[in-house]
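*Asks:* Mind looking over this structure? Questions follow.
Just so you know, all these numbers are worked out from the coordinates, no wet-lab data involved. In this text, all values refer to a predicted model and were calculated from it rather than measured experimentally. Heads up, the Cβs are rebuilt from the backbone with ideal geometry, glycines too, and the neighbour counts pull from every protein chain shown.
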Ligand SMILES: NC(=O)c1ccc[n+]([C@@H]2O[C@H](COP(=O)([O-])OP(=O)(O)OC[C@H]3O[C@@H](n4cnc5c(N)ncnc54)[C@H](O)[C@@H]3O)[C@@H](O)[C@H]2O)c1
C-alpha cells in the first residue's frame, strides 16, 4: 500500500459493526455537520484548518490522562444536549487513547448510545485503544474503573497524524505494534524486522502498511472474543509485568510502552525458564525490542514490590496471577506461575536464560 491509498473494511462484532477506513492525509477528513467533536490541545491545531464551516460543537480538552474524568464526560454530554443531538447524530473523538476512550464512553451514555466516529491520532490509539469497544474513564484514583463496551461505528486511521506525534509517544505505541507481531502468526513480525529503519523514521510509504497490518491483528483477536473470555486476554502479553513496573515506579516515570516492552521480555524469560518457550524465538523477540531502542534490563529492581503489585492486578483469577506466555510466534497461552519462579526470572538477566 502506498501513500494516499484509501482502504476500507467492515468488521462485525456481536451486534455491532465498525467501518474501518485507512487513508494517508489529514486533509481528507470530512466531519458530520451535526456533531460534538472532542479533541485535545495538542491535536486540535492539526484539524482546526478543516473546521471553518463546521457547525457542531468543538471541545478541546487539556492533554493527558488526568482529563479522563467525569467532568470531561459531562462536558461532552452537555454539548450534545445544547446542540439537541439525537441518537442518529454523532460524537467524534479525534486524539490519542484518552480522547477516544472518553468520547466513546460519552457516546455510549448519550440517549443510551449515539453514533460514534473515532479518529485516533497516536500510534497506541490507532493500533489498540480505538478499536475493540472498551470505553471508559478513571475513577476513585484507578485507571479505567468506569466504562462500557461500545465499538465505534466508524474508525478512521490516518497515518499523517503520526508525523507530529512526539517520539516518546511513537516509541510507546511501537511496543504494542511489536506485541501484535509476536501474537500473530502472520507476516507483521517479518515486516517489522525488515523495515525497522523506515518505521523509526516514520516513512509515509511504510506507515500505511504498518498500521493496516498491526490493527488487523487486534481486529482478528477482538472479533473472536469481544468480552475477553478467551483469546483477547493474549493481548495482555507483557502487561502483567509492565503494569506492576509502572505501579511501583509511580505511573508516569516509566512510560507504558517501555514497561510493556520490558514485560514482554520477562514473559520470554519466564517461558524459557518453565520450559515452554523456544529459546531462539525468545532471542528474536528480545533483539527486535532492543533494536527499537527499548531498555530491557533494569538495575536494582524492587522484586518483592513487583510481585506484590502483580498480585493486585485486576486480571488475577481466584487469587492466582495468570501470565500470558508464548511457545513461539503466534502460539500463546495463559498460565498461573509460582512466586519462586517469578523471583528467579526477575533476579536474573535474559542472557542467563537464552
Ligand atoms: N480502550 C482500550 O482498549 C485501550 C487500550 C489501550 C490504551 N487505552 C487508553 O489509552 C490511553 C493512552 O493513550 P495514548 O498513549 O494515546 O495517550 P494520550 O491520549 O494521552 O496521547 C499521548 C500524548 O500524545 C499527544 N498526541 C496524540 N496524538 C498526537 C499527534 N498526532 N500529534 C501530536 N501530539 C499528539 C496527546 O495530546 C498526548 O499529549 C490510556 O488512557 C489508556 O487507558 C485504551
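*Asks:* Quick check on the exposure proxy: order 190, 52 from fewest to most C-beta atoms within 10 angstrom.
*Replies:* 52, 190
*Asks:* Something else: Find the percent of Cα-Cα distances in segment 153-192 that exceed 10 Å, and round it to a whole number.
*Replies:* Details: 580 of 780 pairs.
For segment 153-192, the share of Cα pairs beyond 10 Å comes to 74 percent.
*Asks:* If R₀ is 30 angstrom, what is the calculated FRET efficiency for the pair residue 224 and residue 290, using the beta carbon separation as r and rounding to 0.05?
*Replies:* Details: r = 31 Å, r/R0 = 1.04.
The formula returns an efficiency of 0.45 here.
*Asks:* Give the value in nm², to one decimal: projected area of the alpha carbon convex hull of segment 158-230, averaged over all directions. Intermediate values should be presented prior to the final figure.
*Replies:* Details: hull surface 20.8 nm².
Mean projected area of the Cα convex hull: 5.2 nm².
*Asks:* Quickly work out the residue 279-to-residue 253 label distance, labels modelled 7 Å from Cα along the C-beta direction, and quote it in nm with one decimal.
*Replies:* For the pair residue 253/residue 279, the computed spacing is 3.5 nm.
*Asks:* Each label point is 7 Å from the Cα along the Cα-to-Cβ direction; what then is the distance between the points at residue 12 and residue 333, in nm?
*Replies:* 3.2
*Asks:* Give me the angle, in degrees from 0 to 90, between the Cα long axis of helix 256-273 and the longest principal axis of the Cα atoms of the chain, rounded to the nearest 10.
*Replies:* That helix lies at roughly 30 degrees to the long axis.
*Asks:* Return a whole-number percent for the relative contact order of the chain, with Cα pairs under 8 Å and 6 or more residues apart as the contact set. If you can, show how the numbers build up before the last one.
*Replies:* On the way: 649 pairs, mean separation 49.3, N = 354.
In percent, rounded to a whole number, it is 14.
*Asks:* What list do you get for 22, 119 if you sort them by fewest beta carbons within 10 Å? Display every interim value, and only then the final one.
*Replies:* Details: 22 21, 119 29.
So the residues, fewest neighbours to most, are 22, 119.
*Asks:* Shifting gears a bit: Counting only C-alpha contacts under 8 Å and six or more residues apart, can you give the relative contact order of segment 91-193 as a whole percent? Walk me through the numbers before you get to the answer.
*Replies:* Values: 176 pairs, mean separation 26.7, N = 103.
The normalised contact order for segment 91-193 reaches 26 percent.
*Asks:* Calculate the radius of gyration of the Cα atoms of the chain to one decimal place, then report Dmax, the largest Cα-Cα distance, as a whole number, both in Å.
*Replies:* Considering the chain through its Cα atoms, Rg and Dmax are 20.2, 63 Å.
*Asks:* What's the Kirkwood radius of segment 123-192 in Å, using all Cα pairs? Kindly include the intermediate steps, with their values, before the conclusion.
*Replies:* Working: mean 1/r = 0.0716 Å⁻¹.
Taking the inverse mean of 1/r over all distinct Cα pairs, segment 123-192 comes out at 14.0 Å.
*Asks:* If you don't mind, another one. Plugging the Kirkwood radius over Cα pairs into Stokes-Einstein for segment 51-177, at a temperature of 20 °C and a viscosity of 1.002 mPa s, what D comes out in µm²/s?
*Replies:* Details: Rh = 14.8 Å.
Approximately 145 µm²/s, per Stokes-Einstein.
*Asks:* Over all alpha-carbon pairs of segment 29-84, lay out the pair-distance distribution in 5 Å bins, whole %, shortest bin first.
*Replies:* Percent of Cα pairs in each bin: 4, 18, 29, 23, 18, 8, 0.
*Asks:* Can you give the angle from 0 to 90° between the axis of helix 97-109 and the longest principal axis of the chain, with both taken from C-alpha atoms, to the nearest 10?
*Replies:* 60
*Asks:* What length, rounded to one decimal in nm, is gained on full extension from residue 340 through to residue 352, with 0.36 nm per residue of separation minus their alpha-carbon distance? Don't jump to the answer; show the numbers that get you there.
*Replies:* Working: separation 12, 0.36 × 12 = 4.32 nm, distance 1.65 nm.
This chain segment gains 2.7 nm when fully extended.
*Asks:* How big, on average over all directions, is the shadow cast by the Cα convex hull of segment 106-230, in nm²? List each step's numbers first, then the result.
*Replies:* Details: hull surface 34.9 nm².
With every direction weighted equally, the projected area is 8.7 nm².
*Asks:* Take every Cα-Cα pair in segment 232-286 and report what % of them are more than 13 Å apart. Present the calculation step by step, with values, prior to reporting the outcome.
*Replies:* Numbers: 860 of 1485 pairs.
For segment 232-286, the share of Cα pairs beyond 13 Å comes to 58 percent.
*Asks:* Could you check the simple spin-label distance between residue 195 and residue 299, using points 7 Å along Cα→Cβ, in nm with one decimal?
*Replies:* 3.8
*Asks:* Please determine, in degrees from 0 to 90 and to the nearest 10, the orientation of helix 167-183 with respect to the longest principal axis defined by the Cα atoms of the chain, where the helix direction is its Cα long axis.
*Replies:* Tilt relative to the chain: about 60 degrees.
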